[in-house]
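Worksheet: the structure to be examined is printed underneath.
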There are 2 protein chains.
Amino acid sequence: MDAEKTQLTRLEDVIEKYLPPNELLKVKRILFGAETPVLNIAEKVYNLARERNFELRAFRFPCPKEQLRPARLVRVGVIQNKICRPTSDPIVEQRQSLHNRIGEILNVAMMCGVNVCCFQECWTMPFAFCTRERKPWCEFAECAENGPTTLFLKNLAAKYNMVIVSPILEREPNSDVIWNTAVVISNHGQVLGKTRKNHIPRVGDFNESTYYMESTIGHPVFETEFGNIAVNICYGRHHPQNWMAYGLNGAEMVFNPSATVGELSEPLWSIEARNAAIANSYYTFAINRVGTEVFPNEFTSGDGQKAHRDFGHFYGSSYAAAPDGSRTPGLSRIHDGLLVVELDLNLGRQVKDHWGFRMTQRLDIYGKLFTEVSKPYYEPQIVRNFEEKKSKSKQ
Amino acid sequence: MDAEKTQLTRLEDVIEKYLPPNELLKVKRILFGAETPVLNIAEKVYNLARERNFELRAFRFPCPKEQLRPARLVRVGVIQNKICRPTSDPIVEQRQSLHNRIGEILNVAMMCGVNVCCFQECWTMPFAFCTRERKPWCEFAECAENGPTTLFLKNLAAKYNMVIVSPILEREPNSDVIWNTAVVISNHGQVLGKTRKNHIPRVGDFNESTYYMESTIGHPVFETEFGNIAVNICYGRHHPQNWMAYGLNGAEMVFNPSATVGELSEPLWSIEARNAAIANSYYTFAINRVGTEVFPNEFTSGDGQKAHRDFGHFYGSSYAAAPDGSRTPGLSRIHDGLLVVELDLNLGRQVKDHWGFRMTQRLDIYGKLFTEVSKPYYEPQIVRNFEEKKSKSKQ
């Protein structure tokens with residue numbers, strides 16, 4: 001693939017390759033925060049990942065011990081992957097190929113001891129919304145509770161004792177309304193519930209409002225055996241108040257399954273999910289798909305360019321950020337990958353005890369302000385110097 | 001000074017020194033966004049800065065032309081500096097020495113064509129709040145409207161045709177209440193108004209709640225001849241909703257005058273003000289003081305360490321971020337500096353037209369949620385699997 005030749009594999013690799021060790025340490029501290037040591041995973045597991053042609057990287061977020069609470073260690077996995085078949089193939093084959101691909105990666109996640117695993121946005125399909133075509137892409141939508149993908153994963157979740165977060169295109173059975181949804185399956189194989197995309201983009205290739213509306217089911221947090229989790233789907237990462245809502249509802253880990261391309265968003269990628277981890281004292285996981293997806297019919301990107309059949313390179317680079325602002329290196333910009341992170345949920349409260357952002361955030365005044373601003377005739381608090389204006393207009 | 005020997009001067013310098021040109025370009029794009037070209041400043045001005053022993057750096061944020069609106073070019077200056085005298089010197093001399101220092105830097109800012117200039121937090125004094133002593137530090141507090149510092153700057157503002165943002169420790173004349181305040185002086189030398197710190201830290205050396213309370217005067221935006229400006233003082237940068245409030249009131253540029261040290265916050269520094277620029281489609285300016293300040297009496301940092309007389313190295317690194325997520329390199333981590341940025345205010349609306357975050361932000365639901373959460377018995381939206389819990393407890 002073209003991208004694999006011209007694209008940078010990973011920013012961190014370049015820095016590590018060229019910087020002398022002493023400078024590297026300082027630069028990494030400023031860029032990435034406290035060190036995230038490599039997590040020990042058996043060599044045979046790495047070999048299996050290599051055989052299956054995906055990158056496996058594993059890190060630890062260190063966390064001090066407490067006196068009263070035992071450590072609550074959790075291993076989280078996030079998976080980024082390309083689509084496996086041309087977008088013109090029959091839908092059932094495209095979907096099956098992705099089920100197979102995720103199956104083999106998830107199997108390695110299990111060997112890494114992963115407790116909670118999340119995939120990329122709309123993982124069972126190409127990100128076809130750039131086409132503005134409803135056919136055949138709407139056929140990928142399926143029932144959150146009983147669709148083929150959920151049934152497939154319920155099995156694996158129980159077998160692997162793993163909570164699975166599965167972002168899919170959802171079709172509501174009775175209304176046929178379509179949603180951008182994440183299904184949360186418990187480690188006993190039960191559907192705990194679902195959450196939906198709260199903020200829908202209307203930008204460039206991401207005119208997704210053609211397909212689905214904003215969620216009406218709030219900001220649910222799912223209590224699992226491995227901590228309280230929430231899912232902020234894709235474009236919601238640009239909205240700090242959305243991240244904050246999950247924190248207010250008690251999330252300890254927030255996944256951000258995404259699909260986004262280089263020219264549009266890459267300089268924002270390393271900022272937003274990490275800022276959310278800092279501002280809300282929880283763990284965040286930014287997950288982006290990878291590769292280039294080519295569609296049967298030409299479409300516009302709404303950017304004044306000629307019609308074309310792909311919308312550029314999904315740059316992967318999935319990463320995790322901790323409440324203290326540190327982050328792991330990213331997965332590759334060009335390859336499928338599994339990122340495994342061992343973390344202690346206790347760090348969230350420790351950071352709250354240290355920084356106190358929840359104590360100092362004055363939610364009441366912002367609740368009032370946001371409500372006022374939403375009204376039709378909000379008068380912004382602008383200070384104008386009328387005296388100066390007057391004397392100026394007299395000149 | 002010790003720090004000058006052991007500290008890294010600037011992250012960007014290290015990367016530029018070691019990376020080959022082709023890799024450097026790619027790494028910089030991912031790390032910093034669209035390139036910020038160097039702004040042309042006469043060599044004699046650089047020489048003057050060198051003579052006066054501070055770093056001068058100047059950049060441009062590029063912005064496409066529009067058909068209907070002419071470009072609204074503005075030059076913004078931010079200044080970071082060390083204190084000039086030992087903290088045990090008479091207060092009037094400490095303050096005078098800082099007036100002199102800022103005077104000579106501001107003079108160079110004028111030569112650079114700066115239209116709006118902002119200094120660091122509490123710029124007329126050492127950041128003495130770590131001591132928890134009220135005496136003599138409260139004596140630095142002065143009247144926002146008519147104190148010696150404001151009188152000094154009103155003169156310069158009119159003379160230089162420059163809007164000046166002056167963060168000081170304020171004493172209210174009638175009540176003797178002390179505030180952490182920024183005074184905004186118009187380019188005609190009039191006090192446009194003031195704004196106060198909205199979020200007060202209680203962390204480590206920054207137990208500032210000993211000295212002043214949270215602002216009660218909202219999130220004012222100041223309409224000036226060079227654009228609408230707001231000031232988010234220091235610790236407010238950790239609160240995304242605070243940044244957002246200034247945007248909702250129409251800010252096009254938000255200054256973040258700060259005082260913060262390495263071990264505490266440095267990995268957060270490059271994230272927060274930049275995330276705010278992205279989320280709110282405005283320009284942000286993160287300004288930190290520089291150097292190490294030693295106090296007459298020992299104090300605790302509230303971190304279990306021995307009592308000591310300084311609280312580490314203020315790491316400077318002041319920078320500017322644009323609505324498109326790009327940022328300038330930072331000023332030095334160890335030297336006084338003036339950063340000059342030429343920008344086009346039009347970029348804010350262009351980015352809003354492109355990304356549409358204001359359109360998609362759904363403020364009404366967050367207004368309601370934040371208000372609910374502020375009430376005494378908010379029930380978080382948590383999904384629990386009671387069936388699983390029951391069967392588990394039976395095991």
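Below, the figures for the structure above:
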| quantity | calculated |
| --- | --- |
| Distant-in-sequence amide H partners of residue B:332 (H built 1.01 Å from N, under 5 Å) | B:317 |
| ³J(HN,Hα), Karplus 6.51/-1.76/1.60, whole Hz, each residue of the range A:302-318, x for Gly, Pro | x, 10, x, 8, 5, 4, 7, 10, 9, 10, x, 9, 6, 9, x, 6, 4 |
| Label distances, nm, residue A:138 versus same residue in remaining copies, Cβ-directed 7 Å point | 7.0 |
| Under 5 Å, built H, 5+ apart or other chain: amide partners of residue A:58 | A:39, A:340 |
| For the range A:111-126, 3J(HN,Hα) per residue [Karplus equation, 6.51 cos²θ - 1.76 cosθ + 1.60, θ = phi - 60°, Hz, x = Gly/Pro] | 5, 7, x, 5, 9, 9, 10, 10, 9, 6, 4, 6, 6, 8, 7, x |
| Convex hull (Cα only) mean projected area of the range A:130-209, reported in nm² to one decimal | 5.6 |
| For residues of B:371-383, the mean tally of beta carbons on other chains within 10 Å | 6 |
| J(HN,Hα) series, the range B:258-275, from Karplus relation 6.51 cos²θ - 1.76 cosθ + 1.60, nearest Hz, glycine and proline x | 9, 8, 8, 10, x, 5, 6, 10, 4, x, 8, 4, 7, 8, 6, 5, 6, 4 |
| Expected 222 nm ellipticity per residue - DSSP helices of 4 or more, -39500 (n - 2.57), all of the protein assembly as shown, to 500 | -10000 deg cm²/dmol |
| Protection proxy ranking of A:256-264, B:251-259, B:350-358 - average other beta-carbon atoms within 10 Å, highest first | B:251-259, A:256-264, B:350-358 |
| Placed amide H near residue B:224: partners under 5 Å, 5+ positions off or other chain | B:229 |
| Neighbour-count ranking [beta-carbon atoms within 10 angstrom, fewest first] of A:59, B:61 | A:59, B:61 |
| Long-range tail of P(r) for the range A:42-115 (Cα pairs > 15 Å, %) | 64 |
| Average partner coverage of B:264-270, which counts Cβ from other chains inside 10 Å | 6 |
| Point-to-point label distance, residue A:52-residue A:22, nm (Cα→Cβ direction, 7 Å offset) | 4.4 |
| Inter-chain Cβ neighbour average for residues B:234-242, partner chain, 10 Å | 6 |
| Neighbour-count ranking [beta-carbon atoms within 10 angstrom, fewest first] of B:313, A:219 | B:313, A:219 |
| Choice from A:371, A:124, A:210 with maximal GNM fluctuation in chain A (Cα, 10 Å cutoff) | A:371 |
| Sorted peptide list for A:275-286, B:7-18, criterion being average Cβ within 10 angstrom, highest first | A:275-286, B:7-18 |
| Long-range Cα-Cα pairs in the range A:35-371 (distance over 34 Å), rounded percent | 19 |
| Evaluated over the range B:1-132, the Cα radius of gyration and Dmax, each in Å | 18.7, 58 |
| Considering only the protein assembly as shown, percent of DSSP beta bridges that pair antiparallel, nearest 5 | 60 |
| Distance histogram in 5 Å bins (all Cα pairs of the range B:273-390, percent per bin) | 2, 9, 11, 10, 10, 10, 11, 12, 12, 8, 4, 2, 0 |
| Equivalent-ellipsoid semi-axes of the protein assembly as shown, from the Cα gyration tensor, Å, largest first | 45, 28, 26 |
| The range A:128-161-the range A:174-239 distance, computed between alpha-carbon centres (Å) | 13 |
| Label spacing, shortest first and in nm, from residue A:91 to its equivalents in the remaining copies (7 angstrom along Cα→Cβ) | 7.5 |
| Pseudo-label separations to other copies for residue A:16 - Cα-to-Cβ vector, 7 Å, nm | 2.7 |
| Chain B: most fluctuating residue of B:115, B:288, B:40 per GNM, C-alpha cutoff 10 Å | B:40 |
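Throughout, read-outs are computed from the coordinates displayed, never taken from laboratory work. If you're wondering where the values come from, they're calculated on a predicted model, not measured in any experiment. Reconstructed Cβ throughout: ideal geometry from the backbone, glycine too, with neighbour counts over all protein chains shown.
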